[in-house]
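Following: one structure in structure tokens, then a few remarks.
The values are calculated or read from the model by the stated rules, or taken from the named source; none is laboratory data. Just so you know, these numbers come straight off a predicted model, no measurement behind them. No Cβ is skipped: glycine too gets one built from the backbone with ideal geometry, and neighbour counts run over all protein chains shown. What goes into the accessible areas is simple: the full protein's heavy atoms, side chains included, and nothing from ligands, DNA or RNA. Shrake-Rupley method; radii C 1.70, N 1.55, O 1.52, S 1.80 Å.
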Amino acid sequence: MNQSRSKNSLPPEFQTMNPAYSTGFTASIQQPLLRGFGLDVTRTTINIRKVEHKISHETFVQKVRDTLLDVEVAYWQLAQARRDVTTVATTVAQNFITYQNMKQRLDHDATQVEVANSESRWQSQYVRLLETIKIVRDAEDNLINLINDPDLKLSDHQELLVTETPTVAPIMLDHFAEVRTALDCRSEIRAAKQQIEARRISTHAAKNGILPKLDLTFQYNVQGIGPSGDSSFDNLTTNRFISYTVGAQFSYNFGERAARARLRQARLYESQAIVGLNQVTDSIVQEINLRVRALMVRYEQIPPALIAVRAADHNLSSLQARTQRIDPNYLQTELGAMEQLANARRTLLQVLIDFNTGIVQLEKAKGTLLEYNNVTVSDVQSQR
């Protein structure tokens, strides 16, 4: 609002008054008709921020899924380490019994070479046992660190016990259905699609930026005139002194190099986002193929690995039941049978752990690991 003093510009009934006051109010509206026209153009930044919010949500879901996978893999690694301790401890006990037998038969049919050989095997297995115990402690610390529970502190040296038994149940796999599920559920694909949408919004705005500038303007003026400031304000509401102005502004920059450069850049970014979606899709399909094949192979490896353990155990039991004269060849065979049984047990354990981790890795590759573990990620901000 403005206020000024004038006399010559007053109407006749006010020209005799001195001094006179003029109060005015002006309102103007400008509507683009070409460049800058439409809600999509004016709300470009808002729409892009909405898309970026969706991308951030999908990225967060991806991180939650990756963390959950790390926790599950760490759990099965702890289970493997604990069962490996049992296997090695059994081997240590067997080697210790053999060593004691050699010492008792030293004056009968055993020699110092055989006693030293059995003692060496026993001590070597004991060293391995100490290493496996260390691996258990490391696996516990890794799992506690991933869980990040305030009640579980690394400084408390708490022991974690594994209660879940590795599953060996057969599973039905439809390769095409697994790929289809991954393409529908993976947050990386949804984020890549949202990225394309953001680039398309920017391209649309850049395309509008190369249009000529044609703006329709409307201006409305109201004045109030009176012998005093208060009366001029009062006369402002009578609408006796009003004026309208309607106009159009047109401008065109020949070449529009800057705007066309921005449009070309936006189109390149959009093409880059499309290529990124294709790359993400290909990598997910490849990941599904690897997980499906690995899971099928691990399941097929379980029966022969179990047969190998049973055969090695029967072989060792047969050798230990013999009461004939002990000779170096026989002792070497018995010690080798112990090691063979331990290796067969570790191989079976590795296959079982790989099979169970393969299940969760396939669920992660499909994008359904959260549902598989009954975990829900909700956007609290969007629900308010």
Residue pairs within 8 Å by beta carbon, gap of at least six or interchain, first lying in the range 343-370 and outside any helix (DSSP H, G or I), second open to solvent by 30 Å² or more (accessible area, probe 1.4 Å) and β-branched (Val, Ile, Thr), listed first then second, are 367/181; 368/181
Item to check | residue 281 being in a helix (DSSP H, G or I), of a type outside the set (Lys, Arg) and farther than 26 Å from residue 87 by Cβ | outcome: yes
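Residue-wise test of (1) in contact with a strand residue (DSSP E or B) (Cβ under 9 Å, 6 or more places away or on another chain); (2) under 30 Å from residue 75 (Cα atoms); (3) of a type in the set (S, T, N, Q).
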residue	(1), (2), (3)
167	no, yes, yes
172	no, yes, no
177	no, yes, no
187	no, yes, yes
193	no, no, no
196	no, no, no
200	no, no, no
203	no, no, yes
219	yes, no, yes
With the first residue restricted to the range 289-315 and required to be in contact (Cβ under 8 Å) with a residue 12 or more places away in the chain and farther than 30 Å from residue 179 by Cβ, and the second required to be open to solvent by 70 Å² or more (accessible area, probe 1.4 Å) and in a helix (DSSP H, G or I), Cβ contacts under 9 Å at 6 or more apart or on different chains are 308/340; 308/347; 309/347; 312/340; 315/340
Restricted to the range 237-251 and to residues being touching a residue at least 24 places away in the same chain (Cβ under 8 Å) and β-branched (Val, Ile, Thr), the residue nearest to residue 32 (Cα to Cα) is 246
Among residues of the range 284-319 being touching a helix residue (DSSP H, G or I) at 6+ places or on another chain (Cβ under 7 Å) and not hydrophobic (A, V, I, L, M, F, W, C), the residue least open to solvent (accessible area, probe 1.4 Å) is 287
By residue number, the members of the range 255-265 that are within 30 Å of residue 59 (Cβ to Cβ) and open to solvent by 40 Å² or more (accessible area, probe 1.4 Å) are 262, 264, 265
Does residue 202 count as modelled with pLDDT of 90 or more and closer than 24 Å to residue 42 by Cβ?
yes
Scanning the range 330-342 for residues that are without any contact (Cβ under 8 Å) to a residue 24 or more places away in the chain and open to solvent by 50 Å² or more (accessible area, probe 1.4 Å) gives 333
Scanning the range 162-171 residue by residue, those over 20 Å from residue 292 (Cα atoms) and in contact (Cβ under 8 Å) with a residue 40 or more places away in the chain turn out to be 162, 164
Condition first: in a helix (DSSP H, G or I), more than 23 Å from residue 182 (Cβ to Cβ), open to solvent by less than 80 Å² (accessible area, probe 1.4 Å) and among the basic types (Lys, Arg). Can you find one or more residues in the range 266-274 that meet it? no
The residue from 215, 151, 174 that alone is of a type in the set (Asp, Glu) and touching a residue at least 12 places away in the same chain (Cβ under 8 Å) is 215
The residue that is most open to solvent (accessible area, probe 1.4 Å), considering only those in the range 204-254 that are part of a strand (DSSP E or B) and in contact with a helix residue (DSSP H, G or I) (Cβ under 9 Å, 6 or more places away or on another chain), is 223
Among the residues of the range 29-63, the number that are touching a residue at least 40 places away in the same chain (Cβ under 8 Å), open to solvent by 50 Å² or more (accessible area, probe 1.4 Å) and hydrophobic (A, V, I, L, M, F, W, C) is 5
Among 121, 137, 128, the single one that is open to solvent by 80 Å² or more (accessible area, probe 1.4 Å), charged (D, E, K, R) and in contact with a helix residue (DSSP H, G or I) (Cβ under 6 Å, 6 or more places away or on another chain) is 128
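Answer yes or no as to whether residue 24 is surrounded by fewer than 13 Cβ atoms within 10 Å (Cβ to Cβ), modelled with pLDDT under 80 and small (Gly, Ala, Ser).
Numbers: surrounded by fewer than 13 Cβ atoms within 10 Å (Cβ to Cβ): no; modelled with pLDDT under 80: yes; small (Gly, Ala, Ser): yes.
So residue 24 fails the test.
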field: Meets criteria (touching a helix residue (DSSP H, G or I) at 6+ places or on another chain (Cβ under 9 Å) and open to solvent by 50 Å² or more (accessible area, probe 1.4 Å)) for residue 145
entry: yes
Note on the range 86-118: residues open to solvent by less than 30 Å² (accessible area, probe 1.4 Å), of a type in the set (A, V, I, L, M, F, W, C) and either closer than 26 Å to residue 136 by Cβ or touching a residue at least 40 places away in the same chain (Cβ under 8 Å) (or both) are 88, 92, 102, 110
